[in-house]
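Each remark here refers to the structure printed beneath this line.
Any read-out appearing in this document is the output of simple, stated calculations on the displayed coordinates, not a laboratory observation. Because the structure is predicted, anything quoted here is derived from the model rather than measured. Reconstructed Cβ throughout: ideal geometry from the backbone, glycine too, with neighbour counts over all protein chains shown.
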Amino acid sequence: MALRPALRRLRPHDGNSPKADAAERERGETAGCSTLEWVVPGKEPRQPIDVRPVARFSTDEQAIRDLVREWERATAAGDLPALLSLMSEDVVFLAPGQPPLSGRDAFANAFRSALQHLRIDATSEIQEIRVAADMAYCWNLFSVTTTPLNGEAPKYRKGYTLTILRKTRTGGWVVVRDANMLAVEPG
């Protein structure tokens, strides 16, 4: 009989028994974490590993998370066709002190104009996603760095956004309304 390496739990998951832990994992619950140790019989144990649970999302919630990541990628790459594919024809963007930016064409014109002068990098920390049939909302902590192409100092903005999404006939999601409350951050 060959001796095989195994993982041994050093600290219980949420204080429950291994059987209860397995039941939690089976139900997709991910509230706690464990510290595990790789054990090879007859050898010294290796450094303990902190194991964080992997969150499980509904198919719709994962699709919205993927849309947010694609938005970040396309923005940084200046990929206007990809961005336009992520929004409805009648999309409306709201920003403090600005008139509403209505429709894909208005967005495309504003984005093209911005790219002539700036490089844009954005990151989102999703705070919440809720899905109800073919509508959903997502709110994020959003950070944007705009770097002028003329060598001037970058500008940083950070704040919350609230995005309303609609499910398409093909099962994908698109942005239909977006309100951002970004404020200029000190450089």
Under the Debye formula (equal points on every Cα, no solvent term), log10 I(q)/I(0) of the range 147-187 at q = 0.22, 0.26, 0.29 Å⁻¹: -0.76, -0.85, -0.93
Alpha carbon centre of the range 62-97 versus the range 109-136: separation in Å? 4
What are the ³J(HN,Hα) values, in whole Hz, obtained from phi via the Karplus relation 6.51 cos²θ - 1.76 cosθ + 1.60 with θ = phi - 60°, for each residue of the range 121-126 in sequence order, with x given for Gly and Pro? 10, 9, 9, 10, 10, 5
Whose amide H sits under 5 Å from the amide H of W173, counting only residues 5 or more places off or on another chain, with H placed in the peptide plane? T168
Lys and Arg at +1, Asp and Glu at -1: neighbours of S88 with Cβ under 15 Å from its Cβ sum to 0
Here the range 58-71 yields Karplus 3J(HN,Hα) values (6.51, -1.76, 1.60; θ = phi - 60°; whole Hz; Gly and Pro given as x) of 5, 4, 5, 4, 5, 4, 5, 4, 5, 4, 4, 5, 5, 4
So what J values fall out for the range 148-163 if you push phi through Karplus, 6.51 cos²θ - 1.76 cosθ + 1.60 with θ = phi - 60°, rounded to Hz, Gly and Pro as x? x, 6, 7, x, 5, 5, x, 10, 10, 10, 8, x, 9, 10, 10, 10
Dividing the alpha-carbon Rg of the range 59-185 by 2.2 N^0.38 Å yields what? 1.03
Out of A95, V175, A132, whose Cα points farthest toward the positive end of the dipole of the range 59-185 (charges: +1 Lys, Arg; -1 Asp, Glu; placed on Cβ)? A95
Filtering trypsin sites (Lys or Arg not before Pro) in the range 56-151 by DSSP loop and by at most 13 other Cβ atoms within 10 Å leaves R56
With 0.36 nm assigned to each residue of separation and the Cα-Cα distance removed, R69 to L94 gains 6.9 nm
Ranked on Cβ counts within 10 Å of their own Cβ, fewest leading, M135, M87 go M135, M87
With each label point set 7 Å from Cα along the Cα-Cβ vector, what nm distance links A110 and V174? 1.8
